[in-house]
Amino acid sequence: MEPKRDYYEVLGVARDADQKTVKRAFLRLARTLHPDVNDAPDAEERFKEVNEAYSVLSDERKRSNYDRYGNPDGPAGFGGDYADMSDFFGGGFGINDIFDSFFGGMGSSRAGSSVRTRGRDMGIRLSITLEEAASGCSKTISYDRLAPCDDCGGSGVAEGGSVRTCERCHGTGRVVEVQRTIFGQMQSQTTCPVCHGAGHTVDHPCETCGGSGRAPEKETVELRIPAGVRTGQTVSVTGMGEAGVRGDGAGDLVASIEVVPHERFERQGDNLICTVSIDALEAIVGTCASVAGIMDGEDVAVDISPGTQFGERIICHGHGMPNVSTGLRGDLIALIQIITPTDLGGSDLAEIERIVAAHALSKIHVEGSGSARKSPRSAKKGRPRKKRP
């Protein structure tokens, strides 16, 4: 396999280049290599190479690891509180969709198509452990998005430029066309071909963002996961989705939570079910078992009464999952499994045999007494009833 090129070489920047220089170099190459504007056979592969280099050099954590170890993940990978979502957006929303929006918002392609000015929500799927769901946690999320352009402040206008109302559509974004047919004149409304539906034009657009007011950016946000969250619930960060065109409103970052199945606990609502194995002798005389709870350092005492049977459920109130709304905890339900001991010595077995034999004699005596008491009723039941006159 051919070794990968140095990321700095791919973008054509020095190793001490600042983030703004890295981004400008990336956007310059992306404009020329994106499949929408380049028909060269190797354009797509080169675009992927440029995107990979940017995804590393635009992330301070990855760049530091790359500079130090030659690997963006470092010698042992990232910690559990860090998640790179650059290529993990729900619904197929990834870097290619970001560039589709970026090029579409420049007013230089997709002629006749309407420009979406308000930013879209961006969705990610985030996996957490059951312990993290129980106590709540924070996750640092790294992802790509269309963010307000740094060079123009999101306006899309270069220094000395201005935004003007479109002279063709007069700011409506739509134009009416009249066609003469054999049936008379017919009117149709279409997207303005000059402003592409925006309603205004920029006389000197920003070179970095092409006049859209937004550009691809590597973002890092801290996501706070509340205690008690369940699979399928969402956590949002307002305004951290796709930025709007030329200062219009941004969408939200929406994280859909997936709680990974636990090796010991089964979750049912706010309750947790676990298996507790005890010795058969302990089941006979009763015992107190200690179970490690879901919270850090939590020990739950499970009181097992004498004569407990296999499969019985013992409820430990207030040791389950917290409710995400009230904070009150559900129950821990211990499902009892009884194991027959196999390491008893000869004297122990002899003593148990003596107890079993005495118990068997007692049982026979009780059953025999019960049969004797039942016999009169049985005899009475067997007599023929007298017929009433």
Exercise for review: Give just the number: which of (1) modelled with pLDDT of 95 or more; (2) not assigned by TED's automatic domain parsing to the domain that holds residue 157 does residue 196 not satisfy?
Suggested key: (1)
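Going through 322, 341, 261 one at a time, which residue ends up being touching a strand residue (DSSP E or B) at 6+ places or on another chain (Cβ under 7 Å) and under 30 Å from residue 123 (Cα atoms)? Walk me through how you get there before you give the answer.
Working: 341 fails: under 30 Å from residue 123 (Cα atoms); 261 fails: touching a strand residue (DSSP E or B) at 6+ places or on another chain (Cβ under 7 Å).
Result: 322 is the single residue among 322, 341, 261 that is touching a strand residue (DSSP E or B) at 6+ places or on another chain (Cβ under 7 Å) and under 30 Å from residue 123 (Cα atoms).
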Review point. Of the residues that sit in segment 295-323 and are among the aliphatic types (A, V, I, L, M) and in contact with a helix residue (DSSP H, G or I) (Cβ under 9 Å, 6 or more places away or on another chain), which one is surrounded by the most Cβ atoms within 10 Å (Cβ to Cβ)?
Key: 321
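Condition check ((1) small (Gly, Ala, Ser); (2) closer than 25 Å to residue 28 by Cβ) across all residues:
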position	(1), (2)
153	yes, yes
173	yes, no
178	no, no
193	no, no
198	yes, yes
220	no, yes
246	no, yes
253	no, no
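Look at residue 243 and say whether it is at pLDDT 95 or above and either assigned by TED's automatic domain parsing to the domain that holds residue 145 or not in a helix (DSSP H, G or I) (or both). Working first, answer last.
Working: at pLDDT 95 or above: no; either assigned by TED's automatic domain parsing to the domain that holds residue 145 or not in a helix (DSSP H, G or I) (or both): yes.
No; evaluated as a whole, the condition is false for this residue.
Pull up segment 1-45, narrow it to residues that are hydroxyl-bearing (Ser, Thr, Tyr) and under 15 Å from residue 63 (Cβ atoms), then point me to the one that is surrounded by the most Cβ atoms within 10 Å (Cβ to Cβ). Break it down stepwise before answering.
Just the residues of segment 1-45 that are hydroxyl-bearing (Ser, Thr, Tyr), to begin with: 7-8, 21, 32.
From the residues that got through so far, the ones that are under 15 Å from residue 63 (Cβ atoms) too are 7-8, 21.
Working: 7: 23, 8: 20, 21: 14.
So the residue we want is 7.
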Review point. Do we find that residue 214 is over 21 Å from the mean Cα position of the chain (by Cα) and not assigned by TED's automatic domain parsing to the domain that holds residue 125 in this structure?
Key: no
Review point. If you check every pair at least six apart or on different chains, which have Cβ atoms under 9 Å apart with a residue in segment 331-354 that is closer than 16 Å to residue 284 by Cα first and a residue that is among the acidic types (Asp, Glu) and surrounded by 10 or more Cβ atoms within 10 Å (Cβ to Cβ) second?
Key: 336/312; 338/279; 338/282; 339/279; 340/279; 341/279; 341/348
Review point. What about residue 381, is it at pLDDT below 85, surrounded by 10 or more Cβ atoms within 10 Å (Cβ to Cβ), over 28 Å from residue 230 (Cα atoms) and not polar (S, T, N, Q)?
Key: no
Review point. Looking at 253, 223, which one is within 14 Å of the chain's Cα centre (by Cα), buried (at least 24 other Cβ atoms within 10 Å of the Cβ) and in contact (Cβ under 8 Å) with a residue 24 or more places away in the chain?
Key: 253
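The values are calculated or read from the model by the stated rules, or taken from the named source; none is laboratory data. Worth saying up front: this structure is predicted, and the values here are computed from it rather than measured. All Cβ positions, glycine included, derive from the backbone under ideal geometry; neighbour counts span all protein chains shown.
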